[in-house]
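Read-outs: derived from the displayed coordinates by stated rules, not from any lab. This is a predicted model, so every value here is computed, not measured. Every residue, glycine among them, receives a Cβ derived from its backbone with ideal geometry; neighbour counts consider all protein chains shown.
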Amino acid sequence: MADRSFSVAKLPGFTATAIIVFAALYLPIFTLVGYSFNANQSVAVWGGFSLDWYAKAWANTQVKDATVLSLIIAVTAAVIATAVATLAALGTTRRKKFRGETFIYVMINQPLMVPEIVTAVTLLIFFGIIKQATGIQGIGYVILAHAAFCIPFAYLPIRARLEGMDLSLETAATDLYASSWQTFRFVTLPLLLPGVIAGAMLAFVISLDDVVITEFVKSGGQDTLPTYMLGQMRRQMTPEINAVSTMLLVLTVVLLTAFFFLTRKNDQ
């Protein structure tokens with residue numbers, strides 16, 4: 001009997017469409033990486049192979065300061081977002097169904113559904129009111145803004161991990177007179193840890209790459225690497241920006257690859 005199972009790959013034009021889509025996605029990235037080795041100062045005219053722009057980027061004090069600030073913000077925001085997301089995931093999965101659960105799920109994932117510019121403007125107004133009332137300034141506002149935006153990105157893999165975990169071990173620990181804290185510390189957390197790490201890495205990448213929220217919330221002298229690059233592009237576009245972008249791309253790819261292998265291990 002002939003196999004009549006449906007496969008989207010068998011549709012007419014699927015291969016050609018896939019090639020066009022992948023070319024549109026990745027050719028600009030390959031062009032960016034290639035021209036980061038351009039000896040010519042122009043970003044559009046090839047002048048031979050050179051590593052000079054990487055050396056200049058490495059020696060650029062502003063790039064170093066922006067990179068350090070970006071890492072501080074991303075790490076801190078990822079830790080806060082992951083902690084809140086873990087508590088939220090536990091609260092929405094390790095209990096019986098309750099009224100309002102869907103509403104809570106929607107509110108947690110609100111930053112994913114609302115345009116980022118709306119979130120940025122909202123945070124700008126909210127933090128502006130706090131600054132005016134308290135007079136407190138600092139980088140903490142950017143960290144809190146990033147953490148709030150990153151919570152759903154950390155929440156989704158953690159919740160997925162919890163939903164895929166067998167409750168029998170936690171039940172057995174309870175039957176053996178373990179307290180709630182002991183069950184969480186010695187059973188739930190070790191099993192949940194891959195999901196927590198995956199969520200933290202995803203939150204870190206999202207925070208590290210963010211431009212819109214940072215532009216609205218940051219104060220003077222608080223340029224992160226993405227906002228610094230945006231400012232440089234407005235002044236003069238050189239292959240140094242390509243070099244910095246390539247290094248940021250490599251870091252992002254490494255973290256996302258680690259995230260993929262962690263989630264793949266979870267599925268197995």
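Contact order normalised by length for region 64-267, with contacts defined as Cα pairs under 8 Å and 6 or more residues apart; what percent is it?
Contact order relative to length: 35 percent.
Separation of region 198-268 and region 50-101 by C-alpha centroid, Å?
Measuring centre to centre over Cα atoms gives 9 Å.
Using a Gaussian network model on the chain with a 10 Å cutoff between Cα atoms, which of 224, 92, 174 fluctuates the most?
For the chain, modelled as a Gaussian network with Cα springs under 10 Å, the answer is 174.
For the chain, report the convex hull volume of the alpha-carbon atoms normalised per residue, in Å³, without decimals.
220
Would you tally the net charge around residue 176, using a Cβ to Cβ cut-off of less than 15 Å, leaving residue 176 out, and scoring K and R as +1, D and E as -1?
Around residue 176, the surrounding residues sum to -1.
Order 76-85, 194-203, 179-188 from most to least packed using the mean count of other Cβ atoms within 10 Å.
Highest mean packing first, the order is 194-203, 76-85, 179-188.
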